[in-house]
Ligand SMILES: [Zn+2]
């Protein structure tokens with residue numbers, strides 16, 4: 001079985017550039033303002049760097065879970081999908097978790 005090359009936070013040029021698309025799901029934890037792709041909340045000035053890092057980490061876990069599915073590593077895919085949901089839950093992440101759960105149970 002071929003092992004997939006998994007991505008890490010360090011592999012994300014989007015994180016380094018601060019230019020990834022996650023504002024739809026995120027709001028400032030202090031004032032609930034919509035996320036506007038900045039490390040500082042535009043309304044209250046809260047530092048959102050940790051939030052951005054966690055969101056990118058979850059995104060990379062989901063990407064690696066998809067790679068694991070393609071290489072037949074269903075337990076690894078399930079573990080990665082679970083990690084992603086625990087880090088930053090999204091609707092897509094929930095769907096991926098359900099898929100990997102089913103693959104693990106059926107195959
Ligand atoms: Zn705020």
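The values are calculated or read from the model by the stated rules, or taken from the named source; none is laboratory data. Note that the structure is predicted; figures quoted are calculated from it, not measured. Neighbour counts run over all protein chains shown; Cβ positions are idealised from the backbone, glycine included.
With respect to residue 4, determine if the residue is at pLDDT 95 or above, more than 16 Å from the ligand (Cβ to nearest atom), closer than 20 Å to residue 103 by Cα and in contact with a helix residue (DSSP H, G or I) (Cβ under 7 Å, 6 or more places away or on another chain). Judged against the criteria, residue 4 is not a match. Counting just the residues of segment 26-54 that are in contact with a helix residue (DSSP H, G or I) (Cβ under 8 Å, 6 or more places away or on another chain) and more than 10 Å from the ligand (Cβ to nearest atom), which one comes out farthest from residue 95 (Cα to Cα)? By that ranking, first place goes to 39. For residue 47, the conditions (1) without any contact (Cβ under 8 Å) to a residue 12 or more places away in the chain; (2) buried (at least 20 other Cβ atoms within 10 Å of the Cβ) are fulfilled apart from (2).
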